[in-house]
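Participant: Here's a structure for you.
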Amino acid sequence: MTDLTSLTLAEARKGLADKTFTSLELTDAHLSAIEAARVLNAFVMETPDQARAMAREADNKIAKGDAGPLAGIPLGIKDLFATKGVRTTACSKILGNFVPTYESTVTSQLWRDGAVMLGKLNNDEFAMGSANETSCFGPVGNPWRREGSNTTLVPGGSSGGSASAVAALLCMGATATDTGGSIRQPAAFTATVGIKPTYGRCSRWGIVAFASSLDQAGPIARSVRDSAMLLRSMAGHDPKDTTSVDIPVPDYEAAIGKSVKGMKIGIPKEYRLDGMPAEIEKLWEAGAAWLRSAGAELVEVSLPHTKYALPAYYIVAPAEASSNLARYDGVRYGLREQGRNIIELYENTRAEGFGAEVRRRVMIGTYVLSAGYYDAYYLRAQKVRTLIKKDFEDCFAKGVDAILTPATPSAAFGIGEKGGADPVEMYLNDIFTVTVNMAGLPGIAVPAGKDAQGLPLGLQLIGRPFEEETLFSLGEVIEQAAGRFTPARWW
Ligand code: GLN
């Protein structure tokens, strides 16, 4: 039998349906892989007993012929999703050993459809970061290395554990969240597929909030088809999240292999940055050529407010974060550091419980929201946000079906290599992805090639609201042309 961990989710679904192997075998294969890959630090909590129990239940259902669409498929869950009875920390010390008494809507839909939980995945603390270096559990290793080097690289962030685990074949897919790029950037750094759906497509209920007007859940998977299968289970209206949208969830998988002939694809000239590595430029051109030969029409488009997106994001996101994180006060959740009075208890708990990046965001956020600065920063950033959204709307109004851009301005870098002296250096990772969150649009990152050092690079496709299907069809064209990439095992 081939190694069960190397199958795609779609292949595993077939093997399970044909009774070639059981979910218990598939689950055990992944549990062993996780054990052998602890050096990657992708999982912060392994739940083998729960996984085997869920796998047995799935096997029973498969035997009885009433299996759900993800029956028996082992998945990893980003530690930002509340999981009933299983420690959930957002990889922050401040949550301590918080064990939720409830399950997030997204994960409960995955379990409803028969998926198996292998454990909780590492991420940047409260999803703030682009390298998974701010986690209280320490950094995550990228299974990819530069050719001829044994330097450990970052898997991107904030969903670094999700991307690393999927790329290293530790789970068949993973949940992730994306506020400014946290699904797409780690996917690009690890040669996995990540889709951030339209804002409102997945319920945010039970996901630790970072910036509520930007946060969206989505999958990281091994192929475009796998990501379509996962999103179908994750998406849907939820009365418990008033921003979730009540429109039916299509069968995303049906979009795979659909012709893209006649589709109009925009190439935004503002994304051609000064000093962009030639390899990224080349990859972008290759992507355009693949889509053109599949029958799409490539057109140059303009998104004139692009250059303001990153600064505006780093006002809006910290502002919302400072408000969302006010609840971690040492009284109701997790960590408590005593003080002589309640104010001191708050101060001591927050000083001890939050890491440096989170403290920075809380300070920026409270500053831009404070009287006197609100109009100059927060209000202005909101106006810029409206203009960014309008740029995209104007583009779509001209008949553009999707926009093609690079996913990241570089390939993965070494742990500790970026952002040490200047946090903005780290923020620049999000240059191509934040615009999409600011506009609430769907975006997919698909592996498209490698750089001269053998590291994966990804392309991003941005779609119209609730037209994820277009992204799956186009993403599949890129995947077919570029092929799929697996890292050489060193761990
Ligand atoms: N890197 C971005 C940030 O740190 C985005 C993070 C995310 O999408 N969660 O804010």
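Derivation of every value follows stated rules applied to the coordinates shown; laboratory data play no part. Computed from a predicted model, the values in this text were never measured in an experiment. Glycine also receives a Cβ, built like all others from the backbone with ideal geometry; neighbour counts cover every protein chain displayed.
Participant: Given the structure, is Glu297 over 27 Å from Gln216 (Cα atoms) and in contact with a Ser or Thr (Cβ under 8 Å, 6 or more places away or on another chain)? Can you show your working first?
Facilitator: On the way: over 27 Å from Gln216 (Cα atoms): yes; in contact with a Ser or Thr (Cβ under 8 Å, 6 or more places away or on another chain): no.
For Glu297, the condition - over 27 Å from Gln216 (Cα atoms) and in contact with a Ser or Thr (Cβ under 8 Å, 6 or more places away or on another chain) - is not met.
To keep it simple, each residue is scored yes or no on (1) within 16 Å of the ligand (Cβ to nearest atom); (2) under 23 Å from Gly160 (Cβ atoms); (3) without any contact (Cβ under 8 Å) to a residue 12 or more places away in the chain; (4) surrounded by fewer than 24 Cβ atoms within 10 Å (Cβ to Cβ).
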| site | (1), (2), (3), (4) |
| --- | --- |
| Gln185 | yes, yes, no, no |
| Ala191 | no, yes, no, no |
| Gln216 | yes, yes, no, no |
| Ala221 | no, yes, no, no |
| Val224 | no, yes, no, no |
| Ile247 | no, no, no, yes |
| Gly257 | no, no, no, yes |
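Table: residues versus (1) surrounded by fewer than 19 Cβ atoms within 10 Å (Cβ to Cβ); (2) under 20 Å from the mean Cα position of the chain (by Cα).
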position	(1), (2)
Lys398	yes, no
Pro409	yes, yes
Lys450	yes, no
Gln453	yes, no
Pro456	no, yes
Glu468	no, yes
Val477	no, no
Gly483	yes, no
Trp490	yes, no
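Participant: Of the conditions (1) away from the ligand (no atom under 12 Å from the Cβ); (2) assigned to a loop (DSSP other than H, G, I, E, B); (3) touching a Phe, Trp or Tyr at 6+ places or on another chain (Cβ under 6 Å); (4) of a type outside the set (Gly, Ala, Ser), Phe210 satisfies every one except a single condition; which number is it?
Facilitator: Checking Phe210 against (1) away from the ligand (no atom under 12 Å from the Cβ); (2) assigned to a loop (DSSP other than H, G, I, E, B); (3) touching a Phe, Trp or Tyr at 6+ places or on another chain (Cβ under 6 Å); (4) of a type outside the set (Gly, Ala, Ser), the one that fails is (1).
Participant: How many of the residues in segment 134-171 are assigned to a loop (DSSP other than H, G, I, E, B) and either closer than 19 Å to Gly194 by Cβ or not charged (D, E, K, R) (or both)? It would help to see each step written out before you state the result.
Facilitator: In the first step, residues of segment 134-171 are kept if they are assigned to a loop (DSSP other than H, G, I, E, B); the result is 134-152, 154-159, 168-171.
Subsequent filtering for residues that are either closer than 19 Å to Gly194 by Cβ or not charged (D, E, K, R) (or both) retains 134-144, 148-152, 154-159, 168-171.
Summing the residues that are assigned to a loop (DSSP other than H, G, I, E, B) and either closer than 19 Å to Gly194 by Cβ or not charged (D, E, K, R) (or both) in segment 134-171 gives 26.
Participant: While we're on this one: State which residue is nearest to the chain's Cα centre (by Cα) when the search covers only segment 325-364 and only residues that are within 16 Å of the ligand (Cβ to nearest atom) and aliphatic (A, V, I, L, M). Explain how you work it out, then say what you get.
Facilitator: Pass one, segment 325-364, residues within 16 Å of the ligand (Cβ to nearest atom): 325, 354-364.
Imposing the further condition that a residue be aliphatic (A, V, I, L, M) reduces the set to 325, 356, 358, 362-364.
On the way: Leu325: 21, Ala356: 22, Val358: 19, Val362: 22, Met363: 25, Ile364: 24 Å.
This residue is Val358.
Participant: Return the total of residues in segment 442-464 being hydrophobic (A, V, I, L, M, F, W, C) and within 14 Å of the ligand (Cβ to nearest atom). First the steps, then the outcome.
Facilitator: Of all residues in segment 442-464, those hydrophobic (A, V, I, L, M, F, W, C) come to 444-446, 448, 452, 455, 457, 459, 461-462.
Narrowing further to those that are within 14 Å of the ligand (Cβ to nearest atom): 445.
Matching residues across segment 442-464 total 1.
Participant: Within segment 291-302, count every residue that is farther than 11 Å from Ile403 by Cα, more than 25 Å from the chain's Cα centre (by Cα) and not in a strand (DSSP E or B). Give the steps one after another, and end with the answer.
Facilitator: We begin by selecting, within segment 291-302, every residue farther than 11 Å from Ile403 by Cα; these are 291-297.
Checking which are more than 25 Å from the chain's Cα centre (by Cα) leaves us with 292-297.
Filter again for not in a strand (DSSP E or B), leaving 292-296.
So the answer is 5.
Participant: Could I ask something else about it? Looking for whichever is more than 30 Å from Asn150 (Cα to Cα), crowded, with 17+ Cβ neighbours inside 10 Å and not β-branched (Val, Ile, Thr) here; the options are Asp124, Asp113. Which one fits? It would help to see each step written out before you state the result.
Facilitator: Working: Asp124 fails: more than 30 Å from Asn150 (Cα to Cα).
Exactly one residue qualifies, and that residue is Asp113.
Participant: Sort out which residues of segment 413-441 are farther than 21 Å from Ala482 by Cα, more than 11 Å from the ligand (Cβ to nearest atom) and under 16 Å from the mean Cα position of the chain (by Cα), and write them in order of number.
Facilitator: The answer is Thr435, Met438, Gly440, Leu441.
Participant: If I filter segment 142-164 down to residues being small (Gly, Ala, Ser) and surrounded by fewer than 24 Cβ atoms within 10 Å (Cβ to Cβ), which single residue comes out as farthest from the ligand (Cβ to nearest atom)?
Facilitator: Going through segment 142-164, the residues small (Gly, Ala, Ser) turn out to be 148-149, 156-164.
Right, trim to surrounded by fewer than 24 Cβ atoms within 10 Å (Cβ to Cβ) and you get 148-149.
Working: Gly148: 29, Ser149: 25 Å.
Looking at the filtered set, the residue picked out is Gly148.
Participant: Inspect all residues belonging to segment 234-246 and state whether any of them is in a loop (DSSP other than H, G, I, E, B) and of a type in the set (A, V, I, L, M). I'd like the intermediate steps shown before the answer.
Facilitator: Kept after step one, since they are in a loop (DSSP other than H, G, I, E, B), are these residues of segment 234-246: 236-246.
Going one step further and asking which of them are of a type in the set (A, V, I, L, M), we end up with 245.
Within segment 234-246, one or more residues are in a loop (DSSP other than H, G, I, E, B) and of a type in the set (A, V, I, L, M).
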